[in-house]
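S.K.: What follows is a structure written as structure tokens; I'll ask about it next.
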Amino acid sequence: MRVDLVLGFDPTPSEPQQLVVLSDVVRKVIRALVQARSELGHIGCTGSVWDGPVGAPIAALLRRYSLQMSALEESLVECLQAVDSWRDGVEERQSQVTSIVASVADLAGDPTAEDRRTRLIATAREVGVEHDRAAADLAAAFEELSGAVEQIVRADDDLAGELDRALVALTAAIDDWMAAEAPELLRTAVSLGEVAGLTTVISELVGIAALGRKPGDAAGVREIIARSPGSHRLIRALRRQWLEVAPATLPEATFSSRSSGAITDILSGRRTQTATSDSGAGFSVGGLKGSGE
Amino acid sequence: MRFALLIGSRTEAAPVIVLDVPPDFYEVPLQTETEARTAAQLQVLEDMGLSDTGQREALSLYLEALAIRLSRGSVLGTAFCAVSLEGHPSTATLTVALHATGTADRGLAVMGAAEAMRREGRYASVGIHELGVHPAVTAIAERPSLPGDAANGQVGATLREMSVLVPVPGHEQAAMITLSTPCLEDWAVYETLLLDIARSLQVQRTHPDFIH
């Protein structure tokens, strides 16, 4: 039954299906904003790689951008609440109007029911007024959203320009740092790798690793053999095949998360007792001091 | 086991960088005093439970040769483990250096180091991570297990290594820790271990020797 034909007007015009679509769209936008904001927050958080004089301006800009997004997000949440509330109200009011329309239709042709018909139409007009008031609330929520967007657009700060300048400054600082520090850093890295290789030879001497070639053939190992007080014996030792005297059993690693003691337990002092003793009490040379616990 | 890297001279007031290392690792003794070094080397042989005389002599000679080699250069410590991991033998080495970064800005040091390592081209991957409260650079590379070319051209086993650079809060220094292993099947375990060790970095205001 068409409301406007029966009553002469439609007090609660609205299309509930379109409201569902609008509500879903707003929800999706909010989710995307929240995700973007939390990722920005993660990048620009203090205590991170940006927490220094060079990175701090970038982190500050990211936080400012994040705050703007937060304001937008709040307005959108209010819009969503207004849309949902409007949709619930529309359903209720349209149901009321449907009931009124049915009653008015029933009274058609009855000359004694004029007063009742007038009262029903008056009630429908009241529902219409309520509907207009709710529509004004919905419009206000979107006005607020529009204001929040305008505020971001109108803000006299040049976020993009400032970010660009901060990134250029960061790039220059990194280039300067690399020019001064990178060669020594890379030498240290190479040196660590070489020493790691030399230390790995111990695993071959212990009989648990086969390095695939005789350690004494490697230039790095030959260099340390030359400095050894027992060179000839060391040469002989490095030529031997030690796998045959490999230990029958090795202690279970305490640091594997799949073994009984998780790494975090070990490192936090809740250590698992194993066949391995805590070795290395009281070493010190140069700047290094190792001590068994 | 704890690696304690001394910043500055060895005095009570000198700050120390401390790294927690699981007890599975045997530190290669690097003391400058011969007696102390020899005693520590013997202790390593005991702790490892080696019974073969020839093997004990070989390891003893090698530990001494390694100590002499490391008496120069920037590497401050090295340690190794020989363990059973899920039923098979496994080994890895840990090496530590303290590197001057020329800045107390940890972010700059990390971003600069990461870029330098990327450009150098030796690493398969370079990344920036937050390890607890520390920004850090991680770099992974693979290379022949033994340093230097072999006279006969043999290549040998592959060693996978991961280096972590962790700037020391409040100091123009960074700890550089490298873990290497020829046991590639155990890589995931060692990678997690190294990140945990790097995460444990802390600065102590008093050298452990002076804590009573």
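S.K.: Could you list A:LEU72, B:LEU165, B:LEU159 so that the one with the fewest beta carbons within 10 Å of its beta carbon is first and the one with the most is last?
M.R.: A:LEU72, B:LEU159, B:LEU165
S.K.: Would you please classify the overall shape of the stretch B:35-90 from the alpha carbon gyration tensor, given that a ≥ b ≥ c denote the square roots of the eigenvalues, rounded means a/c under 1.5, and beyond that prolate means a/b larger than b/c while oblate covers the rest?
M.R.: Oblate is the answer for the stretch B:35-90, as a/c is 1.5 or above yet b/c matches or exceeds a/b.
S.K.: Give the residue from A:LEU62, A:ALA82, A:GLN96 lying farthest towards the positive end of the charge dipole for the stretch A:1-131; charges sit on Cβ (+1 for Lys and Arg, -1 for Asp and Glu) and the dipole is referred to the Cα centre.
M.R.: Of A:LEU62, A:ALA82, A:GLN96, it is A:LEU62.
S.K.: Between the stretch A:107-133 and the stretch B:71-136, what is the separation of their alpha carbon centroids in Å?
M.R.: 82 Å
S.K.: Which value in Å is the Kirkwood Rh of the stretch A:3-157 over different Cα pairs?
M.R.: Result for the stretch A:3-157, one decimal place: 19.1 Å.
Every number in this text was worked out from the coordinates using simple rules, so none of it is lab data. None of the values given here were measured: they were computed from a predicted structure. Heads up, the Cβs are rebuilt from the backbone with ideal geometry, glycines too, and the neighbour counts pull from every protein chain shown.
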